[in-house]
1. Quick one: in the stretch 56-97, of everything that is touching a strand residue (DSSP E or B) at 6+ places or on another chain (Cβ under 7 Å) and part of a helix (DSSP H, G or I), which residue is farthest from ILE199 (Cα to Cα)?
2. Which residue out of PHE33, PHE24 is touching a helix residue (DSSP H, G or I) at 6+ places or on another chain (Cβ under 6 Å), in contact (Cβ under 8 Å) with a residue 60 or more places away in the chain, closer than 14 Å to PHE269 by Cβ and part of a loop (DSSP other than H, G, I, E, B)?
3. Of the residues that sit in the stretch 260-271 and are under 17 Å from the mean Cα position of the chain (by Cα) and outside any helix (DSSP H, G or I), which one is farthest from GLY66 (Cα to Cα)?
4. I'm trying to understand the selection: among the residues of the stretch 46-65, which are more than 18 Å from GLU110 (Cβ to Cβ) and either among the hydrophobic types (A, V, I, L, M, F, W, C) or buried (at least 22 other Cβ atoms within 10 Å of the Cβ) (or both)?
5. Out of all the residues in the stretch 107-129, which are acidic (Asp, Glu) and either assigned to a loop (DSSP other than H, G, I, E, B) or in contact with a helix residue (DSSP H, G or I) (Cβ under 8 Å, 6 or more places away or on another chain) (or both)?
6. Of a type in the set (A, V, I, L, M, F, W, C) and not in a helix (DSSP H, G or I) - does that describe any residue in the stretch 291-299?
7. Considering only the stretch 167-183, state which residues are outside any loop (DSSP other than H, G, I, E, B) and either among the hydrophobic types (A, V, I, L, M, F, W, C) or touching a His at 6+ places or on another chain (Cβ under 9 Å) (or both).
8. So which residues in the stretch 212-259 are under 29 Å from GLY184 (Cα atoms), assigned to a strand (DSSP E or B) and hydrophobic (A, V, I, L, M, F, W, C)?
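The values are calculated or read from the model by the stated rules, or taken from the named source; none is laboratory data. Just so we're clear, the structure is a prediction, and the values are computed from it rather than from any experiment. When we count neighbours, we look across all protein chains shown, and the Cβ atoms used for this are built from the backbone with ideal geometry, even at glycine.
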Amino acid sequence: MTNLSVNIAGLTFKNPVTTASGTFGYGDEFKDFMDLGKIGGIFVKAVTGSNRDGNAYPRMAETPSGMLNSVGLQNKGVDHFVREIYPRIKDFDTHIIVNVSGSTIEEYVEVAERMNELEKIPAIEVNISCPNVKQGGMAFGTVPAMSTEVTRAVREVYKKVLMVKLSPNVTSIVEIAKAVEEGGADVLTLVNTLLGMAIDADSRRPILSTIMGGLSGPAIKPVALRMVWQVHNAVNIPVIGLGGIMNATDAIEFLLAGASAIQVGTANFIDPAVSVKLVEGIEAYLAKHRINDVNELIGALRTE
């Protein structure tokens, strides 16, 4: 039997395939398309302290080999999540991990504290990397001292596995990663979207209402892969990799670069069952290469 399970900061995932926050809703939207119990985990969409309406439309645009979004962390706030969403998703046969965001450190702390109460949420992913909000988000993830401060503040109140999601829109991803590790993170997830824009040449206007938005999809994969490899070789905590993963080969490349697990994002919009196909593809790769344990792939990139 081939072992597909991975252990990340004490959490055992049945396989290394998870879904990226903001691309998979709360998970229940996809249960008619696939067996949610066949994937390692679901990172649900961002939860903030209070209701956010998100940005004005239009807030999505297709680009060559990718897409831009500026949704702006639309959600109904932590009270609504605890009362209405959590009861719907808590019994899924996979790990449910909540993406936590805020405009202030106090808001991050507030949401993290509430997540402590939820027995079936074993971890949170603190989002210090969203480029689509005017306050908070990426502002915390581009300055090392701020990255350490928000991570440390959440670490002081959150009792379970603490993951922090990093932005690629920085001069040195390694510097930010080390700052977050210093703040007490258990796991790093990277990368979030790259800041970009699209223009309508006929109207001579930006396509997105916010002018700029986050670029995702295959276009960013080489950048994400490079950053995962750099961070894996610079920190002592596990890395979860994402950015342009469309198929099992992409996922395996991230594992080889040092990711202990991967998140699939934009591909969910093209094929809502893609995550299950990634699991099957990874298993087929292991069989083809006569590898009995997926952990043998993690960080196994040959550079000499």
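1. Looking at the filtered set, the residue picked out is ILE89.
2. Sole residue among the options that is touching a helix residue (DSSP H, G or I) at 6+ places or on another chain (Cβ under 6 Å), in contact (Cβ under 8 Å) with a residue 60 or more places away in the chain, closer than 14 Å to PHE269 by Cβ and part of a loop (DSSP other than H, G, I, E, B): PHE24.
3. If we filter the stretch 260-271 for residues that are under 17 Å from the mean Cα position of the chain (by Cα), which is where we start, we get 260-269.
Then drop every residue that is not outside any helix (DSSP H, G or I), which leaves 260-266.
On the way: SER260: 25, ALA261: 22, ILE262: 18, GLN263: 16, VAL264: 13, GLY265: 11, THR266: 8 Å.
Here the answer is SER260.
4. Going residue by residue through the stretch 46-65, those that are more than 18 Å from GLU110 (Cβ to Cβ) are 53-65.
Matches in the stretch 46-65: ALA56, MET60, ALA61.
5. Within the stretch 107-129, GLU110, GLU113, GLU117, GLU119 qualify.
6. Applying the first criterion (of a type in the set (A, V, I, L, M, F, W, C)) to the stretch 291-299 yields 291, 294, 297-298.
If we keep only those that are not in a helix (DSSP H, G or I) as well, we get 291, 298.
Yes, because at least one residue in the stretch 291-299 is of a type in the set (A, V, I, L, M, F, W, C) and not in a helix (DSSP H, G or I).
7. The answer is ILE173, VAL174, ILE176, ALA177, ALA179, VAL180.
8. Once the filter is applied, which keeps residues that are under 29 Å from GLY184 (Cα atoms), assigned to a strand (DSSP E or B) and hydrophobic (A, V, I, L, M, F, W, C), the stretch 212-259 yields LEU215, VAL239, ILE240, LEU242.
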